[in-house]
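Undergrad: Please read through the structure below; I'll follow up with questions.
The values are calculated or read from the model by the stated rules, or taken from the named source; none is laboratory data. Just so it is clear, the model here is predicted, and its values are computed rather than measured. Using ideal geometry, Cβ is built from the backbone for each residue, glycine included, and neighbour counts are taken over all protein chains shown.
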Amino acid sequence: MSAARILAAYRTIFGTLIVVASIQTLIAERSHHIVLLAAAEIAGALLLMWRRAQWVGAAVLLAVFAAAQIMSAVDGECPTRFLQYAASALLIVLLDRTLWQADTAASF
């Protein structure tokens, strides 16, 4: 299996899991700011799964994960999951760019 296919599978799995987790949050939470954050997270995950909009999606997700990390810290928690999610979003877009540059260089 090629690196591009592995990345495509990872992108799809990651994006789907983020959407599912956000829907679970929407169902469980009723506070206005959590609903807005979960809705933005769904939008960001869907954009990340669309390669042409992946950078916008990654930026949205990074903002959401940062906000969630700050909100957790204010509540006295220090979860690492938001940092892991952010690292995955960055991995997806940066590896995609690297693979695209390698394909472009190989075609010359």
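Undergrad: Is it the case, given these coordinates, that residue 73 is among the hydrophobic types (A, V, I, L, M, F, W, C) and under 20 Å from residue 3 (Cβ atoms)?
TA: Spelling it out, it is not the case that residue 73 is among the hydrophobic types (A, V, I, L, M, F, W, C) and under 20 Å from residue 3 (Cβ atoms).
Undergrad: State the number of residues belonging to region 92-108 that are out of contact with any helix residue (DSSP H, G or I) (no Cβ under 8 Å at 6 or more places or on another chain), at pLDDT 95 or above and among the aliphatic types (A, V, I, L, M).
TA: Total meeting the criteria: 1.
Undergrad: Of all the residues that make up region 47-70, how many are farther than 25 Å from residue 4 by Cβ and out of contact with any helix residue (DSSP H, G or I) (no Cβ under 8 Å at 6 or more places or on another chain)?
TA: So in region 47-70, the residues farther than 25 Å from residue 4 by Cβ come out as 63-70.
This time we only want the ones that are out of contact with any helix residue (DSSP H, G or I) (no Cβ under 8 Å at 6 or more places or on another chain), so: 70.
Number satisfying all stated conditions: 1.
Undergrad: Continuing with the same structure: Pick from 90, 94, 61: which is exposed (fewer than 12 other Cβ atoms within 10 Å of the Cβ) and under 17 Å from the mean Cα position of the chain (by Cα)?
TA: Working: 90 fails: exposed (fewer than 12 other Cβ atoms within 10 Å of the Cβ); 61 fails: exposed (fewer than 12 other Cβ atoms within 10 Å of the Cβ).
Testing whether each residue is exposed (fewer than 12 other Cβ atoms within 10 Å of the Cβ) and under 17 Å from the mean Cα position of the chain (by Cα) leaves just 94.
Undergrad: Please state which of the following conditions residue 76 fails to meet, knowing it meets all the rest: (1) in contact with a helix residue (DSSP H, G or I) (Cβ under 9 Å, 6 or more places away or on another chain); (2) surrounded by fewer than 16 Cβ atoms within 10 Å (Cβ to Cβ); (3) of a type outside the set (Val, Ile, Thr).
TA: With (1) in contact with a helix residue (DSSP H, G or I) (Cβ under 9 Å, 6 or more places away or on another chain); (2) surrounded by fewer than 16 Cβ atoms within 10 Å (Cβ to Cβ); (3) of a type outside the set (Val, Ile, Thr) applied to residue 76, the lone miss is (1).
Undergrad: Shifting gears a bit: Residue 15 - would you say it is modelled with pLDDT of 95 or more and either assigned to a helix (DSSP H, G or I) or not polar (S, T, N, Q) (or both)? Before you say what the answer is, go through the steps one by one.
TA: Numbers: modelled with pLDDT of 95 or more: yes; either assigned to a helix (DSSP H, G or I) or not polar (S, T, N, Q) (or both): yes.
Against the criterion (modelled with pLDDT of 95 or more and either assigned to a helix (DSSP H, G or I) or not polar (S, T, N, Q) (or both)), residue 15 qualifies.
Undergrad: Can you name the residue in region 22-31 that is in contact with a helix residue (DSSP H, G or I) (Cβ under 8 Å, 6 or more places away or on another chain) and assigned to a helix (DSSP H, G or I) and, of all such residues, is surrounded by the most Cβ atoms within 10 Å (Cβ to Cβ)?
TA: The residue in question is 22.
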